[in-house]
Structure formats: structure tokens, C-alpha cells
1. For residues in the range 108-161 being among the aromatic types (F, W, Y) and open to solvent by 20 Å² or more (accessible area, probe 1.4 Å), which is modelled with the highest pLDDT?
2. Just the residues that are open to solvent by less than 40 Å² (accessible area, probe 1.4 Å) and farther than 22 Å from N160 by Cβ, please, taken from the range 43-64.
3. Go through (1) open to solvent by 40 Å² or more (accessible area, probe 1.4 Å); (2) farther than 16 Å from F13 by Cα; (3) not in a helix (DSSP H, G or I) for E97 and report which single condition fails.
4. Being part of a helix (DSSP H, G or I) and open to solvent by less than 50 Å² (accessible area, probe 1.4 Å) is the filter here; which residues of the range 1-22 pass it?
5. Evaluate the following for E58: is it under 15 Å from the mean Cα position of the chain (by Cα) and either over 22 Å from K6 (Cα atoms) or modelled with pLDDT of 95 or more (or both)?
6. Is there any pair linking a residue in the range 67-88 that is open to solvent by 50 Å² or more (accessible area, probe 1.4 Å) to one that is of a type in the set (K, R), with Cβ under 8 Å and at least six apart or on different chains, and which?
7. What pairs come out if I take residues in the range 116-140 that are within 17 Å of L38 (Cβ to Cβ) and among the polar types (S, T, N, Q) and pair them with residues that are surrounded by fewer than 14 Cβ atoms within 10 Å (Cβ to Cβ) and modelled with pLDDT under 90 whose C-beta lies under 9 Å away, six or more apart or interchain?
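The values are calculated or read from the model by the stated rules, or taken from the named source; none is laboratory data. Note that the structure is predicted; figures quoted are calculated from it, not measured. Quick reminder, even Gly has a Cβ in these numbers, built from the backbone with ideal geometry, and neighbours come from all protein chains shown. All accessible areas refer to the heavy atoms of the entire protein, side chains included, with ligands and DNA or RNA removed. Shrake-Rupley method; radii C 1.70, N 1.55, O 1.52, S 1.80 Å.
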Amino acid sequence: MKRIHKIQNHPIFREQYQLLVEAEKDRIFCRHTMEHFLDVARLMYIYDLEDGAGIDKELIYAAALLHDIGRYEQIRIGTPHHIAGAKLAEKILGDCEFQQEEICKVQEAIAGHRTDHNDADQHTLTAYLYKADKRSRNCFSCAAYAECNWSEEKKNRMINE
């Protein structure tokens, strides 16, 4: 996963990630850390393997690493993070040897990761990203559970598959 290593070390990724970590250091709710990004990637990869969807592993990891990278811009100036993240992903992925078709797929997944895809094809990069992003959160053991603005239907009140 040579290209994933390039994303992880890309100057824009590193800068935005560090700004986000600093901005969220006192956040009581779920943080957007490398652990979250990797939990999302691993869940997406499991879903892909279980379904036999055949999505390229590097696209899965690229989407997971970059899906919340626009959060600092959202905190700073209010741009929705899925929009800011898709824009940042274009430059980062282009510099990391991804082809234009791959870049578009990852951008589409990032842009769509805030929307439930229950009625859509469940075996897409976008649908897997949405599902993994939500299920990666361990609400059942969160100290800020009562203060969280997620609806009770969204909260993971038990370990999910």
C-alpha cells in the first residue's frame, strides 16, 4: 500500500491532521484521530471482503484516511467537512499517484459519507464509508453519551458488526 503511505506523509494531510488534533484536544465527544481513520478503513475492508465487492484496498484506505480531513476547515470557517475534505483529497491523491478515476471515486465517497445509503447500492465505497464511520464509534462506553447530539437511533448502544 505504497500510495497510502504517501497519503500519510503528504504535507497537506500532515498539516490538516495536526491542526485537527490540536483543535479537538479538549473535545469531550468522539475525536477524529488516526485510530478513528484506521478503524473506519478496517471496517470498510471487512465489509468489502464479506460482500465480495472487490473494491481496491488502497481506495478503501484512501477514503477512510481522508474522510474527515476537512474537519479543521469546518471548525475554522464553517465549510461542511465532507465538502472541504473532498476538495483536499483531490490535491493529496493527485500527488500520491492515484489516477483521475480513482480520485473521483474517493471524492464521491468523502462527499457522500454523511448521507445514509439504505436505499442505494450497499456495496459501494460511499456506502461502506458511511456505515463504517458510524459503526466505528463506541457510544456504549462513551463518557459523553448523554451530551451527544447523535440521535438514539444512530448511537451504537452495543457492539455492532
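1. Going through the range 108-161, the residues among the aromatic types (F, W, Y) turn out to be 128, 130, 140, 145, 150.
This time we only want the ones that are open to solvent by 20 Å² or more (accessible area, probe 1.4 Å), so: 130, 140, 145, 150.
Details: Y130: 92, F140: 78, Y145: 77, W150: 75.
In this case the residue turns out to be Y130.
2. Listed by number, the residues that qualify are E58, L59, A62.
3. (2)
4. Residues of the range 1-22 part of a helix (DSSP H, G or I): 2-9, 11-22.
Listed by number, the residues that qualify are R3, I4, I7, I12, F13, Q16, Y17, L20.
5. Working: under 15 Å from the mean Cα position of the chain (by Cα): yes; either over 22 Å from K6 (Cα atoms) or modelled with pLDDT of 95 or more (or both): yes.
Taking the combined requirement at face value, the residue satisfies it.
6. P80/R114
7. Within 9 Å, the pairs are N138/I159.
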